[in-house]
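Reading through the structure tokens given below for one structure.
The values are calculated or read from the model by the stated rules, or taken from the named source; none is laboratory data. Every value quoted in this text rests on a predicted model; they were computed, and no experiment measured them. Methodologically, a virtual Cβ is constructed for each residue, glycine included, from the backbone with ideal geometry; neighbour enumeration extends over all protein chains shown.
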Amino acid sequence: MKKLNIWTVTGVGLLIVGLAFPWGSVSDAGPTLPWTIYLQLLFASGFLALALMSVAMVLALRLPKIESWVGGLDQCYRLHRLSAEWGVGLGLTHYLIKVGAKALRKEGLLVKPQGFDSGIPELFSTWHDVARLLGELGLYASLALVAVALIRAIPYHLFARLHRILPLLYLGFVLHGVVFLPLSYWKNLSGAVFVICVVAGLVATGLSLSGRIGRNRQVQGRVSEVTSLGKGVQEVQIDLGPAWPGHEAGQFALFTFDTREGAHPFTIASAWEGENARLHRIRVAIKALGDYTSTLPGTLVAEAPVRVEGPYGSFIFDQGKGRQIWIAGGIGLTPFVARLEHLVASTAEHEPVDLFYSARHVSPETLARLSTIASAGAVRLHVIDTEQEAPLNAKQVVEMIPDWKASSIWFCGPLKFGDALEKSFVSMGLPKGQFHREAFDFR
């Protein structure tokens, strides 16, 4: 099934705008045509901006059904981010159209026809000033929050705290939209879509402000063991108790080790089999890559409390038929380790699997551990130590696996590495839907 993406969402929005657009009045506008076009651009940009912001609010709910539509929570958050950014961008466009029209009127280049009816309902006329102010101030704040999200030098915990302001800003955008939406939009399908978007967005806002998002998927646990694997990687074993529902190999969860910092996503590096399932225990591998994860080696200790929410993700190795090719970069090895543990515990035969592990300086201990579990799981292992060899590329994989086009490819690792591999494989004829990857970028 084709997954929902930003182009689908925006395309549906444009179609609805097209249905609401008063084509007849534009064609008969005569001297009022410039003003009519200005108003319709203003209304369309505002409608789309609020619709996309509503979509962003709903996507933040972490609902299992929506997760399945978009291909996993990682993809859900990616679409959430894009919807919010596009919504704010269209909001800025909406504002600039208004400011530009004022400038043109001042210069006499745009004239508002006398007695022209804009179509804005008079019912909300007493709210115009408040709605206009909230819309403008909300736009300024939203642009600042987008900047905070894009500037990676700003610590994640600060981004997360500031991000909580967005639901409040959304309430102002809703008031602005309700007050200024013209009757031409209210009278057809666009009005129904507007109501659905706003109601869904308001429900999401209420759940967000009350702290109820994901609450029914949260389990309280404790750290039972912390082991250093070298190269800044900590393996953390967590006891969760019977409340944990179990997970499939390749899934991840949101871990809160420090309530001041908030939740962070980490892939679960253990399969839910045998002793792990009996003891209600999971394992994660955390690499010091950012401002927060760099502090964990000095703070994570046995018996420390941890809140785990999940499991999430659709990176579960069930979408491909026949041969599979796994490609791991650095700490991206973790979902494949979990899958290997599952294959070792399973008695069922499986199609051929090749695991390519590309990392800088693979320690003898890691190599021995990985070789043992790969052999036990009947998976062919290829290790590329980039300290001694050139980084893995698609051409190497193609040369080693002649029937690669009949395979599904599963990738987890650095973003640019994945982008380069996907682009190369697709250019060589791999259907895009056969390249599966996780998009761990919740910012």
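Within region 214-247, the set of residues being assigned to a strand (DSSP E or B), of a type outside the set (A, V, I, L, M, F, W, C) and under 25 Å from the mean Cα position of the chain (by Cα) comprises Gln218, Gln220.
Which one of Ser375, Ser371, Ser363, Ser424 is among the hydroxyl-bearing types (Ser, Thr, Tyr), over 19 Å from Gly332 (Cβ atoms) and surrounded by fewer than 18 Cβ atoms within 10 Å (Cβ to Cβ)?
Details: Ser371 fails: over 19 Å from Gly332 (Cβ atoms); Ser363 fails: over 19 Å from Gly332 (Cβ atoms); Ser424 fails: over 19 Å from Gly332 (Cβ atoms).
The unique qualifying residue is Ser375.
A residue that is in contact with a Gly (Cβ under 6 Å, 6 or more places away or on another chain), surrounded by 16 or more Cβ atoms within 10 Å (Cβ to Cβ) and within 25 Å of Val12 (Cβ to Cβ) can be found somewhere in region 185-198.
Conditions tested, residue by residue: (1) part of a helix (DSSP H, G or I); (2) surrounded by fewer than 17 Cβ atoms within 10 Å (Cβ to Cβ); (3) touching a residue at least 24 places away in the same chain (Cβ under 8 Å).
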position	(1), (2), (3)
Lys112	no, yes, yes
Leu123	yes, yes, no
Gly135	yes, no, yes
His157	yes, yes, yes
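For region 308-341, filtering for residues that are among the aromatic types (Phe, Trp, Tyr) and modelled with pLDDT under 90 leaves 2. Between a residue in region 265-286 that is buried (at least 19 other Cβ atoms within 10 Å of the Cβ) and any residue that is β-branched (Val, Ile, Thr) and not in a strand (DSSP E or B), which pairs come within a Cβ distance under 7 Å, given they are 6 or more apart or on different chains? Qualifying pairs under 7 Å: Thr267/Thr334; Ala269/Thr334; Ala269/Val337; Ala285/Ile331; Ala285/Thr334; Ile286/Thr293. Would region 292-306 turn up any residue that is within 19 Å of the chain's Cα centre (by Cα) and either assigned by TED's automatic domain parsing to the domain that holds His157 or not polar (S, T, N, Q) (or both)? Looking for residues that are within 19 Å of the chain's Cα centre (by Cα) and either assigned by TED's automatic domain parsing to the domain that holds His157 or not polar (S, T, N, Q) (or both), one finds none in region 292-306, hence no. Report yes if some residue within region 166-175 is part of a loop (DSSP other than H, G, I, E, B) and of a type outside the set (D, E, K, R); otherwise report no. Checked against the condition, which is being part of a loop (DSSP other than H, G, I, E, B) and of a type outside the set (D, E, K, R), region 166-175 yields no hits at all.
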